[in-house]
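The structure appears below as structure tokens.
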Amino acid sequence: MTSTDRIAEPWGTRTPYGPGEDWPVRTDSFLADGVEEGQVDRWVQSATLLHSNGDALDIAVKDGRIVGVRGRAEDRVNHGRLGPKDLYGWQANASSDRLTRPLVRRGGTLVETTWDDAMDRVVANTRRLLAEQGGSAIGFYTSGQLFLEEYYTLGVVAHAGIGTNHVDGNTRLCTATAAEALKESFGSDGQPGSYTDVDHADVIALFGHNMAETQSVLWTRVLDRLAGPHPPAVLCVDPRATPVARAATVHLAPRPGTNLALMNGLLHEIVAHGWVDQEYVDRHTIGYADLLRTVQEYPPERVARICDVPVADLRAAARLLGTAERLLSTVLQGFYQAHQATAASVQVNNLHLLRGMLGRPGCGLLQMNGQPTAENTRECGADGDLAGFRNWSNKQHVDELARVWNVDPMSIPHYTAPTHAMQIMRYAEQGSVRMLWVQATNPAVSLPELERIRAILAQDRLFLVVQDIFLSETAQLADVVLPAATWGEKTGTFTNADRTVHLSEKAIEPPGEARPDLEIFLDFARRMDLRDKDGGPLVRWHDPESAFEAWKECSRGRPCDYTGLTYDRLRGSGVQWPCTEEHPEGTERLYADGRFWSRGDECETYGRDLATGAPLDATEYAALNPDGRAMLKPADYVEPHEVPGSRYPLQLVTGRTLYHFHTRTKTARAPQLQAAAPDVWVEVSAHDADALGLAEGDLAEVTTPRGAVRARVRVSGVRPGVLFVPFHYGYWDVEDDDGGRHRAANELTMTAWDPCSKQPLFKTAAARVRKLADADGAPAPAPSTASASVVPGVPPTAGGPAALAEERLPGARAGSAS
């Protein structure tokens, strides 16, 4: 066993392996100061909740408190490894500022009250609005961090009980495009690939995906392949010099907003060089002729001008993709939150269809998630879809769901598409949504154009309910605040980005009067006396396991079929859905037989026009795809809505860092993570810093047409003409004249969204930057991962003795959970 500073060495010690070999086990652990492994009272099974990788771990409990974590060596996802947020983030559970009693607003101030008083207010307002206006007056905005059982209950309550179509989650901000891109190509959501494809691939392509920071353990797997015999080649598409870019065989750094042009240029070269599996295309796809007509207009020379990348690099990237024998591709926010998001992401699907690279080891496609339970929001109908990947515009699907819930089909709103998050906010702004119930998310920091969002949430006419574990920036605006239990304090399941389902068991009691989210939803359903069509309770389950059993029936026969899973089956290692009687061990990869969920009677959507977002109807879809094949969908590049000009000559992109998650409600309360990235910064290229008279550590102001942010300058490897600001930093832990609002990146971002996925565009904004003050002798508070300084002498990020974690390498004995 060795001790390693896992802030300084976030990916830990290398365990090299070769293609087709098993990834070696390395068990990581971190315990509170003064606690030895042998002193732990018990270890409780769970998985990580601060990213989408789904790393399995055991929670260490001593004297009724969480005192640490240990990776689960037997789990298929991480083979015992944990990332920095996994190792240190649990400390937030015990933070002294946890919400422990409900709060209500009296005389303009939030004051403590009883659960009965708080819930009576929620129920009274719900009933009043239902009587005055109906379900359209009420909206629900949830998270990507609850459990499957909670999302499913919320979906039933909102859709069938309240009768509202206004149900979405903050997954709209991070993975809505993943879902839409999969639907457009394959007829349904569901990731085709598996993390084990890393073990077999000879080329790994990351499109707008800084895996090293957003899924650090998966990147550890890639690093171990790169350190072993016959390593894969790596393609990185990212405007920043991330760790992925530094490890890449080819790095393309396109101008923001040009991803679709880049993908069309790569596909042009795939076709021009004959790197197409024509037999696969002819047998399993439609739309090839239309795709050819589009991509032939994007030769490398034209694409190089649009994207501002070297022609030679474009050709080299295309050769990697076109000659790979086993290609793994991943996609994330660099595509999803950018201009023409769905259209660009669909072209990655097209790449795999043209190459016939689906369903075989190493031939994987992962339209990644950004949150730990984003997959569950989509499956359970809590994010703008119907439960079980059902098609809201297919009467048979609605009737089937009504039978599962034992309600009249007309009580499930399906007159139009479910309302997406930004439209819910617009309805609240206009006054038609008069009650908004927010759970486990912080839109007052995470949504775009924050001045507008704050004004919406602060309206007197909007009854705002916030269910959270801390008094977040959003909770401070609420009329009722409900204290929730969090990870480690409740039981439930959640599903990661490669469809692996994990069980997280309750380890300790929540603080004070905090309650699990499932209990809160069940209590609301009882108080509302929600009934099915026979007069029985609409919600017939009473605890997590019975909710899971109910969900299994809802999933039966659908792509996300859970019917072969039980809580007992999930004790040990995670299992990938679909898991059925026919596939009791789960399903590692989808579409191995060239069979897709794309027939008109089973698909999740009839699709959209990639340029306008206009939906197709059943008749159009049947004519387009009568045999249920995968769909090759082309799209032409158009210029972004907002481009640089004389007043705003630069382009702003926002994003994440390795050491924080979302708006830092947990990670800022973990000392090692907070110290690694304590405050906001702005990344500027060396070229732009020189031109603008900026130096490392200077205080600067970044301005867009919507607002301004003040931040210290990090002179980094970002491409010239681009500024990067992390979006994690809000107001709650800052005391200054403006309450910290000048450090929230979303003061700068625009109210605009992709026409298909409705995902906001956080990576396309015109901006300028100016110096406010010289450096105070210290560098910017930016970590040395993707935000490494190019200025000599800036020290690397380190955690010191407080960040020492243990690594048990192969051959050492590891314990097991009780």
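The values are calculated or read from the model by the stated rules, or taken from the named source; none is laboratory data. Every value quoted in this text rests on a predicted model; they were computed, and no experiment measured them. When we count neighbours, we look across all protein chains shown, and the Cβ atoms used for this are built from the backbone with ideal geometry, even at glycine.
Can you name every residue in the range 98-112 that is in contact with a Pro (Cβ under 7 Å, 6 or more places away or on another chain) and surrounded by 18 or more Cβ atoms within 10 Å (Cβ to Cβ)?
Arg98, Leu99, Pro102
Any residue in the range 304-320 that's assigned by TED's automatic domain parsing to the domain that holds Ile204: show its pairings with residues that are part of a loop (DSSP other than H, G, I, E, B) at Cβ separation under 6 Å, as long as the two are six or more apart or on different chains.
Here the result reads Ile306/Thr258; Cys307/Pro254; Cys307/Arg255; Cys307/Thr258; Asp308/Arg255; Val309/Pro254, each pair linking the range 304-320 to a residue that is part of a loop (DSSP other than H, G, I, E, B).
Looking at the structure I just gave you, is Val346 in a helix (DSSP H, G or I), under 31 Å from the mean Cα position of the chain (by Cα) and among the hydrophobic types (A, V, I, L, M, F, W, C)?
It is true that Val346 is in a helix (DSSP H, G or I), under 31 Å from the mean Cα position of the chain (by Cα) and among the hydrophobic types (A, V, I, L, M, F, W, C).
Condition test on Arg403, is it crowded, with 24+ Cβ neighbours inside 10 Å, basic (Lys, Arg) and either modelled with pLDDT under 95 or not in a loop (DSSP other than H, G, I, E, B) (or both)?
It is false that Arg403 is crowded, with 24+ Cβ neighbours inside 10 Å, basic (Lys, Arg) and either modelled with pLDDT under 95 or not in a loop (DSSP other than H, G, I, E, B) (or both).
Find the residue count for the range 265-299, including only residues that are under 19 Å from Arg319 (Cα atoms) and polar (S, T, N, Q).
2
For the range 354-398, which positions are on the phi > 0 side of the Ramachandran plot and modelled with pLDDT of 95 or more?
Listed by number, the residues that qualify are Gly356, Gly359, Gly362, Gly388, Phe389.
Residue under question is Pro755, and the condition is that it be surrounded by fewer than 22 Cβ atoms within 10 Å (Cβ to Cβ), of a type outside the set (Val, Ile, Thr), closer than 30 Å to Tyr637 by Cα and modelled with pLDDT of 95 or more; does it hold?
yes
Just checking, does the range 187-202 include any residue being out of contact with any strand residue (DSSP E or B) (no Cβ under 6 Å at 6 or more places or on another chain), under 21 Å from Ala635 (Cβ atoms) and surrounded by 24 or more Cβ atoms within 10 Å (Cβ to Cβ)?
yes
Does Ser46 fit the bill of being in a strand (DSSP E or B), in contact (Cβ under 8 Å) with a residue 12 or more places away in the chain and not hydrophobic (A, V, I, L, M, F, W, C)?
yes
Starting from residues that are aliphatic (A, V, I, L, M) and more than 18 Å from Pro720 (Cβ to Cβ), keep the ones in the range 626-672 and report whichever is nearest to the chain's Cα centre (by Cα).
Leu658
Quick one: Asp58 ticks every box in (1) in a loop (DSSP other than H, G, I, E, B); (2) at pLDDT 95 or above bar one, so which box is it?
Checking Asp58 against (1) in a loop (DSSP other than H, G, I, E, B); (2) at pLDDT 95 or above, the one that fails is (1).
Between Ala786, Ala778, Ala767, Ala798, which is touching a residue at least 60 places away in the same chain (Cβ under 8 Å), closer than 30 Å to Gly12 by Cβ and crowded, with 22+ Cβ neighbours inside 10 Å?
Among Ala786, Ala778, Ala767, Ala798, only Ala786 is touching a residue at least 60 places away in the same chain (Cβ under 8 Å), closer than 30 Å to Gly12 by Cβ and crowded, with 22+ Cβ neighbours inside 10 Å.
Determine, yes or no, whether Lys758 is in contact with a strand residue (DSSP E or B) (Cβ under 6 Å, 6 or more places away or on another chain) and either among the hydroxyl-bearing types (Ser, Thr, Tyr) or in a loop (DSSP other than H, G, I, E, B) (or both).
So Lys758 does not fit the description; no.
Do the conditions hold for Ala205, that is, is it in the same structural domain as Arg127 (by TED's automatic domain parsing), in contact with a Ser or Thr (Cβ under 7 Å, 6 or more places away or on another chain) and crowded, with 24+ Cβ neighbours inside 10 Å?
Against the criterion (in the same structural domain as Arg127 (by TED's automatic domain parsing), in contact with a Ser or Thr (Cβ under 7 Å, 6 or more places away or on another chain) and crowded, with 24+ Cβ neighbours inside 10 Å), Ala205 does not qualify.
Only one of Asp86, Asp41, Asp22, Asp97 is in contact (Cβ under 8 Å) with a residue 60 or more places away in the chain and over 30 Å from Gln476 (Cα atoms). Can you tell me which?
Asp22
If a residue has to be buried (at least 24 other Cβ atoms within 10 Å of the Cβ) and out of contact with any Gly (no Cβ under 8 Å at 6 or more places or on another chain) to count, how many in the range 82-91 make the cut?
6
Taking the range 373-432 as the region of interest, how many residues are in contact with a Lys or Arg (Cβ under 8 Å, 6 or more places away or on another chain), among the polar types (S, T, N, Q) and under 29 Å from His51 (Cα atoms)?
Residues that pass the stated criteria total 1.
This table checks each residue for (1) touching a Cys at 6+ places or on another chain (Cβ under 8 Å); (2) under 26 Å from Thr214 (Cβ atoms); (3) not in a loop (DSSP other than H, G, I, E, B).
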| site | (1), (2), (3) |
| --- | --- |
| Asp627 | no, no, no |
| Pro634 | no, no, no |
| Pro640 | no, yes, no |
| Val643 | no, no, no |
| Ser646 | no, no, no |
| Leu652 | no, yes, yes |
| Leu658 | no, yes, no |
| Phe661 | no, yes, no |
| Arg664 | no, yes, no |
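So if I check each of Val244, Val217, Val237, which one is touching a Cys at 6+ places or on another chain (Cβ under 7 Å) and crowded, with 24+ Cβ neighbours inside 10 Å?
One residue alone meets the criteria, Val244.
Can you name the residue in the range 6-51 that is of a type in the set (S, T, N, Q) and under 29 Å from the mean Cα position of the chain (by Cα) and is also farthest from Val198 (Cα to Cα) among such residues?
Only one residue fits best here, namely Gln45.
Mind counting the residues in the range 435-464 that are among the hydroxyl-bearing types (Ser, Thr, Tyr) and in a loop (DSSP other than H, G, I, E, B)?
Result for the range 435-464: 1.
Can you tell me which residue in the range 418-434 is farthest from the chain's Cα centre (by Cα), limited to those that are surrounded by 19 or more Cβ atoms within 10 Å (Cβ to Cβ) and not in a helix (DSSP H, G or I)?
Restricting to residues being surrounded by 19 or more Cβ atoms within 10 Å (Cβ to Cβ) and not in a helix (DSSP H, G or I), the top hit is Arg434.
Out of everything in the range 61-104 that is over 30 Å from Arg121 (Cα atoms) and in a helix (DSSP H, G or I), what residue ends up being farthest from the chain's Cα centre (by Cα)?
Checked the range 61-104; the qualifying residue farthest from the chain's Cα centre (by Cα) is Gln91.
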